[in-house]
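J.: I have a structure I would like to understand better, so I am pasting it below and will then ask my questions one at a time.
Just so you know, all these numbers are worked out from the coordinates, no wet-lab data involved. For clarity, every value in this text was computed on a predicted model and none was experimentally measured. Note that each Cβ is placed from the backbone with ideal geometry, even for glycine, and that neighbours are counted across all protein chains shown.
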Amino acid sequence: MTFYPQELHLRLKRQKYQLVGAHSAVKKCNWLHQSLLYNRVCYKEEFFGIKSHRCLQMSPTLFHCNFHCLHCWRIMPEDIGLAWDELSPPKQGWDPPEKVFKESFEAQRKILSGYKSLVLKGKISPSKYAEALNPTQVAISLTGESTLYPFLGDLIELYKRAGCTVFLVTNGTLPNAISSLSSLPTQLYISLTAYDYESFIKLNRPLSKDLWNSILKSLEILKSLECPTVLRITSIKGLNMGASDAFAKIINKYEPLYVETKAYMHIGYSMYRLKRENMPSHDDIKTFAKLIAEKTGYNIIGESKASRVVLLSKKLLSPKKFN
């Protein structure tokens with residue numbers, strides 16, 4: 001069983017994480033802030049119609065992951081000289097999904113309470129603020145590997161029953177957890193940085209070297225899932241963007257509905273592992289996406305310069321709008 005060091009809790013709170021129960025968290029997305037104050041929206045709203053100001057960003061596995069990715073913004077034991085077991089259950093056991101569901105909404109409203117003064121000053125629309133207090137989209141993607149939470153399907157179902165769309169992001173290392181979800185997300189993302197076993201070891205620094213084969217099994221599952229699927233390529237300049245042939249081979253074999261080429265962002269604890277020049281420009285991302293398109297037959301159907309992301313699909317039309 002895992003005990004989380006108190007210093008870890010303090011650091012996460014300083015980073016504005018709202019801790020939920022024993023192992024979950026909610027954190028304000030910058031695009032929620034941008035949407036409330038400036039009517040600027042994230043690429044998920046541009047592509048899929050979800051509302052940035054009504055999006056709850058959370059993780060049920062704040063302290064748990066089986067990767068130590070170079071590009072990840074999360075705190076890892078090596079970063080702060082503290083030790084905890086990232087794969088074992090919490091000391092007091094996993095929180096039930098009902099608790100995570102209820103307290104995640106409470107955490108989001110606590111975050112938004114800080115905007116009340118801006119509503120009173122006329123800087124935020126009262127109606128938009130009221131909408132934000134009642135999320136309609138949940139992004140299970142904040143940090144950690146969500147499929148390590150054993151009640152993930154039940155949690156997704158609770159959010160869906162509350163009228164929310166749910167976008168689940170996973171590293172794909174637990175194919176059995178994906179295939180056995182009791183409730184599927186509205187959209188499922190597999191986040192991929194590596195393009196072969198050697199790059200996997202270098203870029204993802206897995207806790208088990210056998211996990212590359214697990215990712216391939218998860219990719220195989222994509223075709224059988226009854227929800228839209230996305231392969232997100234986290235694109236790191238100088239490390240994986242020269243491998244368009246290898247990524248194209250993966251895409252051609254497993255045929256996700258969508259492919260995102262999305263820039264690594266030089267933020268959080270990744271700044272201690274990578275350099276700022278590893279962060280691609282949007283033009284870099286577009287060039288990479290065009291190479292992927294040429295080698296797969298996928299079409300570029302959307303882009304967001306602010307988020308440095310390009311969306312591809314074999315479809316010629318815009319993606320389904322969920323809201």
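J.: If one puts a single equal scatterer on every Cα of segment 28-175 and applies the Debye formula without solvent, what log₁₀ I(q)/I(0) results at q = 0.18 Å⁻¹?
T.: Those come out to -1.11, one per q.
J.: Okay, next question. How high is the relative contact order of the chain? Use alpha-carbon pairs under 8 Å, at least six apart in sequence, and give a whole percent.
T.: Working: 599 pairs, mean separation 58.8, N = 323.
It comes to 18 percent, rounded to a whole number.
J.: Could you list, in their original order, any pairs among Lys160/Lys275; Lys44/Lys290; Lys223/Lys275; Lys223/Lys295; Lys253/Lys286 whose Cα atoms are separated by more than 30 Å? Could the numbers behind the result be given before it?
T.: Numbers: Lys160/Lys275 39 Å; Lys44/Lys290 20 Å; Lys223/Lys275 36 Å; Lys223/Lys295 20 Å; Lys253/Lys286 22 Å.
Checking Cα-Cα distances, Lys160/Lys275; Lys223/Lys275 exceed 30 Å.
J.: May I pose another question? Using alpha carbons only, how many angstrom separate the centre of segment 199-258 from the centre of segment 96-134?
T.: 35 Å
J.: Kindly point out, ordered by number, any Cys in the chain whose beta-carbon has no other cysteine beta-carbon under 4.7 Å away.
T.: Flagged as lacking a Cys partner: Cys29, Cys42, Cys55, Cys65, Cys164, Cys227.
J.: What number do you get for segment 111-233 when its Cα radius of gyration is normalised by 2.2 N^0.38 Å, N = residues?
T.: Numbers: Rg = 18.0 Å, N = 123, 2.2 N^0.38 = 13.7 Å.
Normalised Rg, Cα atoms only: 1.32.
J.: Are there any trypsin sites (Lys or Arg not before Pro) in segment 1-36 that are in a DSSP loop and have at most 16 other Cβ atoms within 10 Å? List them by number. The partial results should precede the final answer.
T.: Numbers: sites: Arg11, Lys13, Arg14, Lys16, Lys27, Lys28; in loops: Lys16, Lys27, Lys28.
Passing both the DSSP loop test and the Cβ count: Lys16.
J.: So what's Rg/Rh here for the chain, counting alpha carbon atoms and using the Kirkwood radius for Rh?
T.: Radius of gyration over Kirkwood radius for the chain works out to 0.94.
J.: Name the GluC sites (Glu not before Pro) in segment 181-227 that are in a loop by DSSP and that have at most 14 other C-beta atoms within 10 Å, would you? Please report the intermediate quantities before stating the final value.
T.: Details: sites: Glu198, Glu220, Glu226; in loops: Glu226.
Here the sparse-neighbourhood loop sites are Glu226.
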